[in-house]
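Here the structure is laid out as structure tokens; the discussion comes afterwards.
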Amino acid sequence: MPLLALLALAGCARQDEGTVVRFWAMGREAEVVADLITEFEAENPGISVEVQNIPWTAAHEKLLTAFAADGLPDVCQLGNTWIPEFAELDTLTPLQPYVDASTVVQPEDYFQGIWDTNVIHGEVVGVPWYVDTRLLYYRKDLLAKAGHAAPPRTWAEWDQQMADIKKMQGPNRYAVLMPINEFEQQLSFALQQPDPLLRDDDTRGNFRSPGFRRTLGFYANMFEQGWAPKMSETQISNVWDEFFRGFNVFYISGPWNIREFKKLEPKELAGQWGTAPLPGPDGPGAGIAGGTSLVIFRKSRQKEASWKLIEFLSRPDIQARFHSIIGDLPPRRSTWQAPSLANDPLAAAFRDQLERVKPTPKVLEWERIVQEMRIVTEKVVRGGQSQDAAVAELDHRVDKVLAKRRWLHEQALGQQASRQVPARSDGSAEMAEGGQP
């Protein structure tokens, strides 16, 4: 075949292939989104989407490996706590110009705390896809039996209810189940405080602050009083069975458990359990702004097509369908007007809680820090370490984790200061006291 014909044939093949957007998604979300992609491709002829399902257990390592090998996809689902890390690596495309031009993605429609998780150093680098937070699941019948008609709204009310429940429950049953190998409970309570978890421009721990001391005292007291068992999740046969068996009245968990509890509830307990926002020190309190977002990597050659995909997955009607299939909670207030959400009393508490969620510190070391918090608070609960010693140890551990960040910050401050040294009339820098410029 003549060379000219071969070139023409190759050109036609490339045209037929159109634009291909590589999309990495994780776990069950990757399975579900594949069904929606068909509709997106029908609406956008010439754009095809390749969805790669990445197991959550391998996702972080695979992303870092792909970064090192210059093989990141166009679009990716990123956990909110991973966004600061990949922003620090300078891998994320700034999205503010796309948002400004969009008629679909409207920042004011998103829960503020969730949107804020995607703003790094004042720059939007992701769009929330679904949200996650933790709140109370509780047994209505057992709470009423203990003398309380409604779930608690404050820490003081919750303390009183747990004391009354424990008195009713006896020695082998409890008021609340909070597995001590988890960190989400302590983190939720800490986010309800006015004191930040890190200080000095996020370069040091702030766990000796009055706020975290109150958090640790409130958390540890549940175990000291015998209201919560000193058990990890591996010591509990099945959290759903134990809940319906009456082993505990309160359980702190996320939205995915609405479906699990509905599926596993005994017929005689239908309608005898519910959800409630987390109590706070002085009223309904803040919670974790969890979930995942959609990002476009900087080296993508298909940014426009990738943004079209993000807009499609951000539409309230698509988010409502996504929720109906998988149960993930939408990040947009308007999506909550869909009947499947608006008429669900179990989801209503999450809608309320989402107005008060707060992002965790936006540092790439955060996942290590939160594990240090879990280790030290477990020492208090299980090992009897004093709370004063615990907060001092936690600050020490976290300061070590943040050592490199602190050094880089100090170097940046030094360079900034050197640029601000005034010049003399002869053009040289003025000498500071001690003979140093």
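At-a-glance table
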| read-out | value |
| --- | --- |
| Qualifying positions in the stretch 181-211 - assigned to a helix (DSSP H, G or I) and open to solvent by less than 10 Å² (accessible area, probe 1.4 Å) | 185, 186, 187, 188, 189, 190, 211 |
| Some residue of the stretch 347-370 being more than 17 Å from residue 255 (Cβ to Cβ), within 21 Å of the chain's Cα centre (by Cα) and without any contact (Cβ under 8 Å) to a residue 40 or more places away in the chain | yes |
| Those residues of the stretch 377-395 which are open to solvent by 40 Å² or more (accessible area, probe 1.4 Å), within 26 Å of the chain's Cα centre (by Cα) and in contact (Cβ under 8 Å) with a residue 60 or more places away in the chain, in sequence order | 378 |
| Those residues of the stretch 98-142 which are open to solvent by less than 20 Å² (accessible area, probe 1.4 Å), among the hydrophobic types (A, V, I, L, M, F, W, C), touching a strand residue (DSSP E or B) at 6+ places or on another chain (Cβ under 7 Å) and closer than 28 Å to residue 278 by Cβ, in sequence order | 111, 114, 127, 129, 131, 135, 136 |
| Qualifying residue in the stretch 295-311 (condition: hydrophobic (A, V, I, L, M, F, W, C), outside any helix (DSSP H, G or I) and touching a Cys at 6+ places or on another chain (Cβ under 6 Å)) | yes |
| Hits in the stretch 162-180 - residues which are of a type outside the set (Lys, Arg), open to solvent by 10 Å² or more (accessible area, probe 1.4 Å) and not in a loop (DSSP other than H, G, I, E, B) | 163, 164, 168, 169 |
| Residues within the stretch 235-261 that are without any contact (Cβ under 8 Å) to a residue 24 or more places away in the chain and either among the charged types (D, E, K, R) or surrounded by 19 or more Cβ atoms within 10 Å (Cβ to Cβ) (or both), tallied | 3 |
| Positions within the stretch 151-161 being touching a strand residue (DSSP E or B) at 6+ places or on another chain (Cβ under 7 Å) and crowded, with 16+ Cβ neighbours inside 10 Å, in sequence order | 151, 152, 153, 155, 158 |
| Hits in the stretch 330-347 (condition: outside any helix (DSSP H, G or I) and farther than 18 Å from residue 100 by Cα) | 330, 331, 333, 338, 343, 344 |
| Residue within the stretch 312-329 that is outside any helix (DSSP H, G or I) and in contact with a strand residue (DSSP E or B) (Cβ under 7 Å, 6 or more places away or on another chain) present | yes |
| Residues of the stretch 212-234 satisfying the condition of being open to solvent by less than 30 Å² (accessible area, probe 1.4 Å), among the aliphatic types (A, V, I, L, M) and not in a helix (DSSP H, G or I) | 228 |
| Subset tally (residues that are under 11 Å from residue 131 (Cβ atoms) and either among the polar types (S, T, N, Q) or open to solvent by 60 Å² or more (accessible area, probe 1.4 Å) (or both)) for the stretch 335-360 | 3 |
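Let's see how each residue does on (1) of a type in the set (Phe, Trp, Tyr); (2) at pLDDT 95 or above; (3) in contact with a Ser or Thr (Cβ under 9 Å, 6 or more places away or on another chain):
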{"site": "1", "(1), (2), (3)": "no, no, no"}
{"site": "17", "(1), (2), (3)": "no, no, yes"}
{"site": "42", "(1), (2), (3)": "no, yes, no"}
{"site": "62", "(1), (2), (3)": "no, yes, no"}
{"site": "66", "(1), (2), (3)": "no, yes, no"}
{"site": "72", "(1), (2), (3)": "no, yes, yes"}
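The values are calculated or read from the model by the stated rules, or taken from the named source; none is laboratory data. All values derive from a computational prediction rather than experimental measurement. Ideal geometry is used to build each Cβ from the backbone, glycine not excepted, and the neighbour counts take in all protein chains shown. In case anyone asks, the SASA skips ligands and DNA or RNA and just uses the protein heavy atoms, side chains included. Shrake-Rupley method; radii C 1.70, N 1.55, O 1.52, S 1.80 Å.
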